[in-house]
Amino acid sequence: MSGSGLDLVGLIDDLQAEHRTLRATLHDAGWEVWELPTRAAPWRIREQVAHLTFFDEVAMWSIDHPERLDTLRAAFDASIDPSERADVVWARELAPQTLWERWCRANDTLVTRLARLVDEDPGRRLDWIGPSMGLASFVSARLMETWAHGVDVVNALGHDVADTVSDRLRHVCFLGWAARRFALATHGITDLDDPLRLEAIGPSGELWAWGPEDAPNRVRGSALEIALVVTQRRHVSRTSVEATGALARRWLEVAQAFAGPPTVASKER
């Protein structure tokens, strides 16, 4: 079982479903929207798709050519202008149709390769630009990235992200909780052993919870708002997520479900 409560095959199925949901959203919108700006300035929808394509392809490296990752780590230093990073500049001159085809191919190839890996070596740890991960966390991370950048796309198109919720948010919430020590430590917070409980209310009203029931630090809210906070797509002050305890409140300020240098959500998001 994965940390988010599903077996690996089910988790990969959810990743594929997340891919297909975002693909359907963009397919229906037409090619002209690819130049629209997103809230992740200076990225347009084009850069959002380029980023997802790039890292789905890098995920394949992680499985079959992990030695290639060494050359990438320096390319994602926090000082580099996000509009000049390797994950987006490669696609700057591509026609949207060409980028679309490569993105879809990367999605499908990755899902197929992950399914094979479940049969070959389900216990393998996979290297990444950040810390290495077990297979369940690796798949969850790709799903989280697809969903989070999908939020940027949905917002750019003028749609309400609340209309796109699904039980796949459970993986995003879990990943945010699992990365809590990483997020706190990168901001110099040292009381990492204080118990913390996260309670996320799913779209159907089901409660998803992680951490001890008697934890003095507690976070509770809708799965959508918690997922938006841990992916830094919405500042916690603009949500109804509730926190009890100093560590819980501090975590929500710096929560970061994704690898990379420490960042925080803008209060304008």
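Just one residue in the set Arg73, Arg68, Arg142 is within 30 Å of Ala162 (Cβ to Cβ) and among the basic types (Lys, Arg); that residue is Arg142. Out of the stretch 196-216, which residues are surrounded by 22 or more Cβ atoms within 10 Å (Cβ to Cβ) and over 26 Å from Asn155 (Cβ atoms)? Result: Leu196, single match.
Restricting attention to the stretch 212-229, does a residue exist that is of a type in the set (D, E, K, R) and under 16 Å from Val161 (Cα atoms)? Checking the stretch 212-229: at least one residue is of a type in the set (D, E, K, R) and under 16 Å from Val161 (Cα atoms).
Need pairs with beta-carbon distance below 9 Å; first residue closer than 15 Å to Thr146 by Cβ and surrounded by 20 or more Cβ atoms within 10 Å (Cβ to Cβ) and within the stretch 18-40, second of a type in the set (Ser, Thr, Tyr) and at pLDDT 95 or above; sequence gap 6+ or separate chains. Sorted first by the residue in the stretch 18-40, then by its partner, the pairs are Glu18/Thr146; Glu18/Ser166; His19/Thr146; Leu22/Thr146. Take the conditions (1) surrounded by fewer than 21 Cβ atoms within 10 Å (Cβ to Cβ); (2) among the aromatic types (Phe, Trp, Tyr); (3) within 18 Å of Leu11 (Cβ to Cβ); Phe182 misses just one of them, which is (3). For the stretch 137-145, the count of residues that are polar (S, T, N, Q) and surrounded by fewer than 21 Cβ atoms within 10 Å (Cβ to Cβ) is zero.
Report yes if some residue within the stretch 211-219 is modelled with pLDDT of 95 or more, of a type in the set (A, V, I, L, M, F, W, C), farther than 14 Å from Val254 by Cβ and within 14 Å of the chain's Cα centre (by Cα); otherwise report no. Checked against the condition, which is being modelled with pLDDT of 95 or more, of a type in the set (A, V, I, L, M, F, W, C), farther than 14 Å from Val254 by Cβ and within 14 Å of the chain's Cα centre (by Cα), the stretch 211-219 yields no hits at all. In the stretch 144-160, the count of residues that are more than 15 Å from Leu26 (Cα to Cα) and β-branched (Val, Ile, Thr) is zero.
Just one of the listed residues (Ser266, Ser222, Ser237) is hydroxyl-bearing (Ser, Thr, Tyr), touching a strand residue (DSSP E or B) at 6+ places or on another chain (Cβ under 6 Å) and either crowded, with 19+ Cβ neighbours inside 10 Å or farther than 16 Å from Thr186 by Cα (or both), and it is Ser222.
The values are calculated or read from the model by the stated rules, or taken from the named source; none is laboratory data. It should be emphasised that the depicted structure is a prediction, and the values quoted were computed from it without experimental measurement. Quick reminder, even Gly has a Cβ in these numbers, built from the backbone with ideal geometry, and neighbours come from all protein chains shown.
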